[in-house]
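One structure is given here, and the rest of the page talks about it.
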Amino acid sequence: MLRALAVDDERPSLEELVYLLNADPRIGSAEGAGDATEALRRITRALESGPDGPDAIDVVFLDINMPGLDGLDLARLLTGFARPPLVVFVTAHEDFAVQAFDLKAVDYVLKPVRKERLAEAVRRAAEQRGTAPRIPVHEPDPDHIPVELGGVTRFVAVDDITHVEAQGDYARLHTGKGSHLVRIPLSTLEDRWRSRGFVRIHRRHLVALRHIGELRLDAGTVSVLVGTEELQVSRRHARELRDLLMRRS
(Lines give C-alpha, C1' and ligand atoms only; values in the text may rest on other atoms or scores of the structure.)
Protein backbone atom coordinates (compact mmCIF):
# COMPACT_ATOMS: atom_id res chain seq x y z
CA MET A 1 0.00 0.00 0.00
CA LEU A 2 1.20 3.47 -0.89
CA ARG A 3 2.35 5.99 1.68
CA ALA A 4 1.36 9.46 0.49
CA LEU A 5 2.15 13.07 1.30
CA ALA A 6 -0.20 15.83 0.11
CA VAL A 7 1.21 19.35 -0.21
CA ASP A 8 -1.00 22.44 -0.55
CA ASP A 9 -0.85 25.88 1.08
CA GLU A 10 -4.66 26.19 1.05
CA ARG A 11 -5.92 24.37 4.15
CA PRO A 12 -9.39 23.37 2.82
CA SER A 13 -7.86 21.93 -0.36
CA LEU A 14 -5.22 20.09 1.65
CA GLU A 15 -7.74 18.58 4.04
CA GLU A 16 -9.98 17.47 1.17
CA LEU A 17 -7.05 15.89 -0.68
CA VAL A 18 -5.85 14.02 2.41
CA TYR A 19 -9.40 12.81 3.04
CA LEU A 20 -9.80 11.50 -0.51
CA LEU A 21 -6.41 9.79 -0.41
CA ASN A 22 -7.13 8.05 2.88
CA ALA A 23 -10.43 6.81 1.42
CA ASP A 24 -8.58 5.00 -1.40
CA PRO A 25 -7.87 1.35 -0.48
CA ARG A 26 -4.47 1.49 -2.23
CA ILE A 27 -3.29 4.24 0.14
CA GLY A 28 -1.92 2.90 3.40
CA SER A 29 -1.43 6.34 4.92
CA ALA A 30 -1.75 9.95 3.80
CA GLU A 31 -0.56 13.04 5.63
CA GLY A 32 -0.45 16.72 4.71
CA ALA A 33 2.08 19.55 4.52
CA GLY A 34 1.11 23.21 4.26
CA ASP A 35 3.97 24.35 2.05
CA ALA A 36 6.89 23.03 -0.01
CA THR A 37 9.48 23.79 2.68
CA GLU A 38 7.62 21.71 5.25
CA ALA A 39 7.18 18.98 2.64
CA LEU A 40 10.90 18.97 1.83
CA ARG A 41 11.76 18.46 5.50
CA ARG A 42 9.27 15.61 5.68
CA ILE A 43 10.58 14.00 2.48
CA THR A 44 14.18 14.34 3.65
CA ARG A 45 13.25 12.45 6.82
CA ALA A 46 11.55 9.80 4.69
CA LEU A 47 14.62 9.36 2.49
CA GLU A 48 16.85 9.06 5.55
CA SER A 49 14.47 6.40 6.89
CA GLY A 50 14.89 4.34 3.70
CA PRO A 51 12.22 2.82 1.43
CA ASP A 52 11.15 0.32 4.09
CA GLY A 53 11.52 2.64 7.07
CA PRO A 54 8.65 3.88 9.25
CA ASP A 55 8.82 7.40 7.76
CA ALA A 56 9.00 6.36 4.10
CA ILE A 57 6.91 8.17 1.46
CA ASP A 58 6.06 6.57 -1.87
CA VAL A 59 4.23 9.39 -3.64
CA VAL A 60 3.78 13.14 -3.20
CA PHE A 61 0.58 14.85 -4.37
CA LEU A 62 1.87 18.34 -5.01
CA ASP A 63 0.24 21.70 -5.65
CA ILE A 64 2.17 24.08 -7.92
CA ASN A 65 1.30 27.66 -6.94
CA MET A 66 2.56 28.10 -3.37
CA PRO A 67 4.38 30.98 -1.70
CA GLY A 68 8.15 30.73 -1.51
CA LEU A 69 9.28 27.38 -2.88
CA ASP A 70 6.63 26.28 -5.38
CA GLY A 71 5.68 22.79 -6.46
CA LEU A 72 7.84 22.76 -9.56
CA ASP A 73 10.85 23.89 -7.53
CA LEU A 74 10.29 21.08 -5.04
CA ALA A 75 9.94 18.52 -7.81
CA ARG A 76 13.23 19.70 -9.35
CA LEU A 77 14.95 19.28 -5.99
CA LEU A 78 13.60 15.74 -5.68
CA THR A 79 15.16 14.73 -9.00
CA GLY A 80 18.55 15.10 -7.32
CA PHE A 81 17.87 12.28 -4.86
CA ALA A 82 18.82 8.67 -5.62
CA ARG A 83 15.35 7.25 -4.96
CA PRO A 84 12.84 10.10 -4.64
CA PRO A 85 9.12 9.56 -4.14
CA LEU A 86 6.84 9.67 -7.15
CA VAL A 87 5.19 13.01 -7.87
CA VAL A 88 1.59 13.71 -8.87
CA PHE A 89 0.80 17.37 -9.49
CA VAL A 90 -2.59 18.59 -8.27
CA THR A 91 -3.24 22.11 -9.51
CA ALA A 92 -5.84 24.52 -10.82
CA HIS A 93 -3.56 25.53 -13.71
CA GLU A 94 -3.30 23.62 -16.97
CA ASP A 95 -0.33 25.66 -18.24
CA PHE A 96 2.38 23.77 -16.31
CA ALA A 97 1.66 20.28 -17.65
CA VAL A 98 4.64 20.20 -20.00
CA GLN A 99 7.07 21.21 -17.24
CA ALA A 100 5.48 18.59 -15.00
CA PHE A 101 6.09 15.88 -17.57
CA ASP A 102 9.69 17.02 -18.00
CA LEU A 103 10.10 16.45 -14.26
CA LYS A 104 8.84 12.85 -14.69
CA ALA A 105 5.53 13.41 -12.94
CA VAL A 106 3.30 10.36 -12.75
CA ASP A 107 0.15 12.37 -13.39
CA TYR A 108 -1.28 15.88 -13.59
CA VAL A 109 -4.65 16.31 -11.88
CA LEU A 110 -6.67 19.50 -12.30
CA LYS A 111 -8.64 21.10 -9.48
CA PRO A 112 -11.35 20.85 -8.34
CA VAL A 113 -10.26 17.27 -7.67
CA ARG A 114 -12.78 14.58 -8.49
CA LYS A 115 -12.64 11.29 -6.62
CA GLU A 116 -12.58 9.24 -9.85
CA ARG A 117 -9.76 11.30 -11.36
CA LEU A 118 -7.67 11.10 -8.21
CA ALA A 119 -8.20 7.33 -8.12
CA GLU A 120 -6.71 7.12 -11.62
CA ALA A 121 -3.63 9.03 -10.43
CA VAL A 122 -3.28 6.64 -7.47
CA ARG A 123 -3.57 3.69 -9.84
CA ARG A 124 -0.76 5.03 -12.01
CA ALA A 125 1.43 5.62 -8.97
CA ALA A 126 0.71 2.12 -7.66
CA GLU A 127 1.62 0.56 -10.99
CA GLN A 128 4.84 2.54 -11.25
CA ARG A 129 5.80 1.64 -7.68
CA GLY A 130 5.03 -2.01 -8.45
CA THR A 131 2.40 -2.32 -5.73
CA ALA A 132 -0.52 -3.10 -8.02
CA PRO A 133 -1.02 -5.37 -11.05
CA ARG A 134 -1.73 -3.85 -14.40
CA ILE A 135 -5.43 -4.02 -15.22
CA PRO A 136 -6.47 -4.21 -18.87
CA VAL A 137 -8.30 -1.10 -19.99
CA HIS A 138 -11.17 -0.91 -22.44
CA GLU A 139 -10.49 0.25 -25.98
CA PRO A 140 -11.10 3.99 -26.30
CA ASP A 141 -14.06 5.38 -28.21
CA PRO A 142 -12.61 5.80 -31.73
CA ASP A 143 -14.79 8.85 -32.47
CA HIS A 144 -13.99 10.89 -29.35
CA ILE A 145 -11.07 11.60 -27.07
CA PRO A 146 -11.49 12.52 -23.39
CA VAL A 147 -9.93 15.79 -22.22
CA GLU A 148 -9.95 17.46 -18.82
CA LEU A 149 -11.00 21.06 -18.31
CA GLY A 150 -11.39 22.53 -14.85
CA GLY A 151 -11.77 19.10 -13.25
CA VAL A 152 -14.46 18.02 -15.72
CA THR A 153 -13.89 15.34 -18.36
CA ARG A 154 -15.26 16.24 -21.76
CA PHE A 155 -15.23 14.26 -24.98
CA VAL A 156 -13.90 15.99 -28.07
CA ALA A 157 -14.95 14.62 -31.45
CA VAL A 158 -11.93 13.50 -33.45
CA ASP A 159 -13.52 14.97 -36.59
CA ASP A 160 -13.40 18.43 -34.96
CA ILE A 161 -9.63 18.28 -34.42
CA THR A 162 -7.77 20.27 -37.07
CA HIS A 163 -4.22 19.48 -35.98
CA VAL A 164 -2.17 18.17 -33.05
CA GLU A 165 0.98 19.71 -31.63
CA ALA A 166 3.61 17.67 -29.75
CA GLN A 167 4.62 18.94 -26.31
CA GLY A 168 6.92 16.28 -24.88
CA ASP A 169 4.88 13.19 -24.08
CA TYR A 170 1.80 15.39 -24.12
CA ALA A 171 -0.14 16.51 -27.17
CA ARG A 172 -2.17 19.67 -27.67
CA LEU A 173 -5.34 19.08 -29.67
CA HIS A 174 -6.46 22.07 -31.72
CA THR A 175 -10.07 22.57 -32.78
CA GLY A 176 -11.94 25.51 -34.22
CA LYS A 177 -13.06 26.43 -30.68
CA GLY A 178 -9.79 26.14 -28.79
CA SER A 179 -7.17 23.63 -27.69
CA HIS A 180 -6.83 20.86 -25.11
CA LEU A 181 -3.78 19.20 -23.59
CA VAL A 182 -3.79 15.40 -23.26
CA ARG A 183 -1.16 13.05 -21.91
CA ILE A 184 -0.70 11.04 -25.08
CA PRO A 185 2.45 11.13 -27.24
CA LEU A 186 2.04 12.45 -30.77
CA SER A 187 3.36 9.15 -32.17
CA THR A 188 0.51 7.27 -30.45
CA LEU A 189 -2.12 9.57 -31.95
CA GLU A 190 -0.44 9.26 -35.35
CA ASP A 191 -0.83 5.47 -35.25
CA ARG A 192 -4.36 5.66 -33.84
CA TRP A 193 -5.69 8.25 -36.30
CA ARG A 194 -3.82 7.42 -39.51
CA SER A 195 -6.90 5.68 -40.89
CA ARG A 196 -8.99 8.76 -40.07
CA GLY A 197 -6.99 11.00 -42.39
CA PHE A 198 -4.38 12.41 -40.05
CA VAL A 199 -0.87 12.75 -41.45
CA ARG A 200 2.45 13.74 -39.93
CA ILE A 201 3.83 16.89 -41.56
CA HIS A 202 6.57 17.70 -39.06
CA ARG A 203 8.11 16.15 -35.97
CA ARG A 204 5.88 18.49 -33.96
CA HIS A 205 2.65 18.42 -35.98
CA LEU A 206 -0.04 15.98 -37.02
CA VAL A 207 -2.71 17.41 -39.33
CA ALA A 208 -6.17 16.28 -40.46
CA LEU A 209 -6.12 16.31 -44.26
CA ARG A 210 -9.76 17.42 -44.44
CA HIS A 211 -8.91 20.62 -42.56
CA ILE A 212 -6.05 21.68 -44.86
CA GLY A 213 -7.21 24.72 -46.79
CA GLU A 214 -4.06 25.48 -48.79
CA LEU A 215 -0.71 23.94 -49.67
CA ARG A 216 1.88 26.68 -50.08
CA LEU A 217 5.26 26.56 -51.81
CA ASP A 218 7.65 29.45 -51.24
CA ALA A 219 11.37 29.48 -52.08
CA GLY A 220 11.73 25.77 -51.54
CA THR A 221 9.74 25.65 -48.29
CA VAL A 222 6.36 23.97 -47.93
CA SER A 223 3.59 24.91 -45.55
CA VAL A 224 -0.12 24.26 -45.13
CA LEU A 225 -2.94 26.53 -44.05
CA VAL A 226 -5.16 24.97 -41.39
CA GLY A 227 -7.94 27.37 -40.51
CA THR A 228 -6.06 30.62 -39.98
CA GLU A 229 -2.83 28.97 -38.88
CA GLU A 230 0.10 28.30 -41.23
CA LEU A 231 2.14 25.22 -40.33
CA GLN A 232 5.53 24.32 -41.76
CA VAL A 233 5.94 20.98 -43.53
CA SER A 234 9.31 19.32 -43.09
CA ARG A 235 11.26 18.27 -46.17
CA ARG A 236 10.96 14.55 -45.36
CA HIS A 237 7.14 14.75 -45.20
CA ALA A 238 6.50 17.16 -48.09
CA ARG A 239 6.32 14.61 -50.94
CA GLU A 240 4.01 12.24 -49.06
CA LEU A 241 1.71 15.12 -48.13
CA ARG A 242 1.49 16.39 -51.71
CA ASP A 243 0.67 12.88 -52.95
CA LEU A 244 -2.05 12.43 -50.34
CA LEU A 245 -3.64 15.78 -51.13
CA MET A 246 -3.58 15.03 -54.86
CA ARG A 247 -5.27 11.68 -54.32
CA ARG A 248 -7.94 13.25 -52.11
CA SER A 249 -8.67 15.88 -54.77
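The values are calculated or read from the model by the stated rules, or taken from the named source; none is laboratory data. It should be emphasised that the depicted structure is a prediction, and the values quoted were computed from it without experimental measurement. The accessibility values were calculated without ligands, DNA or RNA, using every heavy atom of the protein model including side chains. Shrake-Rupley method; radii C 1.70, N 1.55, O 1.52, S 1.80 Å.
Some values worked out for this structure:
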{"item": "Set of aspartates and glutamates with alpha-carbon distance to Lys104 below 14 Å, sequence-local pairs under 8 removed", "result": "Asp73, Asp169"}
{"item": "Heavy-atom surface of region 156-209, accessible at 1.4 Å and reported per residue (Å²)", "result": "42"}
{"item": "Dimensionless Rg/Rh of the chain - Kirkwood Rh, Rg from C-alpha atoms", "result": "1.06"}
{"item": "Gaussian network model of the chain, Cα within-10 Å springs - most flexible of Asp159, Asp73, Asp218", "result": "Asp218"}
{"item": "Carbon and sulfur %, accessible surface of the chain computed with the full protein complex present, 1.4 Å", "result": "50"}
{"item": "Considering only the chain, percent of DSSP beta bridges that pair antiparallel, nearest 5", "result": "65"}
{"item": "Most mobile of Phe96, Phe155, Phe61 in a GNM of the chain (Cα contacts under 10 Å)", "result": "Phe155"}
{"item": "Nearby lysines by direct alpha-carbon distance to Lys177 (threshold 28 angstrom, same-chain neighbours under 8 apart not counted)", "result": "Lys111"}
{"item": "Of Arg216, Arg117, Arg172, the one that fluctuates the most in a GNM where the chain has Cα springs shorter than 10 Å", "result": "Arg216"}
